[in-house]
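The values are calculated or read from the model by the stated rules, or taken from the named source; none is laboratory data. It should be emphasised that the depicted structure is a prediction, and the values quoted were computed from it without experimental measurement. So basically every Cβ, Gly included, is an ideal-geometry build from the backbone, and we count neighbours across all protein chains shown.
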Ligand code: NDP
């Protein structure tokens, strides 16, 4: 894969993805890491200073009006080769969301960041993903052509919900899964794969210190999934260990 774009790389899984991708045997020619403030993203700045294939772009994923300008910046980096991989990774969860406590603002924020942003950013970057797929017609469908990875969660699974609560997060990730399915149907003819990916329960600011997985273990699995995906995975939701998740 020549180019990869990851949203929300200031910390956690997004930062971990960038750290791992620069260390790959054949790292992407263009690794576009987005964050809300480049000035505050000290770890990313350090990585970019040591790797000239890393490009830092600012993006608050709720700034939908900026998406056209943002996609032009991405195009100026990837050029005629297009964009091979889009990781919709940026996400939010909030505390105290049992039914007696949940606030409509929390629902709106979760939907904006976790559901609407991945759909609208995909829409904005579709021409570049399509270009990458068309440039590589002889390669198998997946990261060598074009793929969108929507970072979802087991907490968005309807089948596996036995604890209730968590309305903003659960509902927004369930809706993201539906968007993943629709995108996979819509883009099949364009040779663009779309999958949902649950990174596992990971030690990050969101996952907390009790999470069983460290970032490195999760990312190693995620990158293996990315390497092994094919047409049969299109529209599905997978864990970091490659297992398919029930919706
Ligand atoms: P973190 O809370 O550690 O990091 C979240 C990242 O998203 C940060 O870089 C943050 O940027 C960014 N972000 C949040 N809001 C916005 C916004 N409006 N615009 C741009 N960037 C934003 O979470 P994780 O790394 O753990 O989570 C990454 C993804 O993985 C999320 O989609 C999450 O739902 C999913 N996930 C995580 C699990 C876990 O156990 N950790 C389990 C299942 C899914 P900033 O630093 O500026 O706030």
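Filtered by the rule that a residue be surrounded by fewer than 15 Cβ atoms within 10 Å (Cβ to Cβ) and more than 9 Å from the ligand (Cβ to nearest atom), the stretch 52-63 gives a lone residue, 52. Scanning the stretch 187-200 for residues that are more than 16 Å from the ligand (Cβ to nearest atom), more than 16 Å from the chain's Cα centre (by Cα), part of a loop (DSSP other than H, G, I, E, B) and touching a residue at least 12 places away in the same chain (Cβ under 8 Å) turns up at least one hit. Restricting attention to the stretch 71-121, the residues that are buried (at least 16 other Cβ atoms within 10 Å of the Cβ) and within 25 Å of residue 204 (Cα to Cα) add up to 26.
Number of residues in the stretch 149-183 that are touching a strand residue (DSSP E or B) at 6+ places or on another chain (Cβ under 6 Å) and surrounded by fewer than 20 Cβ atoms within 10 Å (Cβ to Cβ): the value is 1. Within this structure, residue 84 passes the test of being modelled with pLDDT of 95 or more, away from the ligand (no atom under 14 Å from the Cβ) and touching a strand residue (DSSP E or B) at 6+ places or on another chain (Cβ under 9 Å). Scanning the stretch 91-119 for residues that are in a helix (DSSP H, G or I), within 16 Å of the ligand (Cβ to nearest atom) and more than 17 Å from residue 196 (Cβ to Cβ) returns 105, 106, 107, 108, 109, 112. Pairing residues of the stretch 138-154 that are farther than 17 Å from residue 179 by Cα with residues that are within 14 Å of the ligand (Cβ to nearest atom) and modelled with pLDDT under 95, at Cβ distances under 7 Å and at least 6 apart in sequence or on separate chains, gives no pairs at all.
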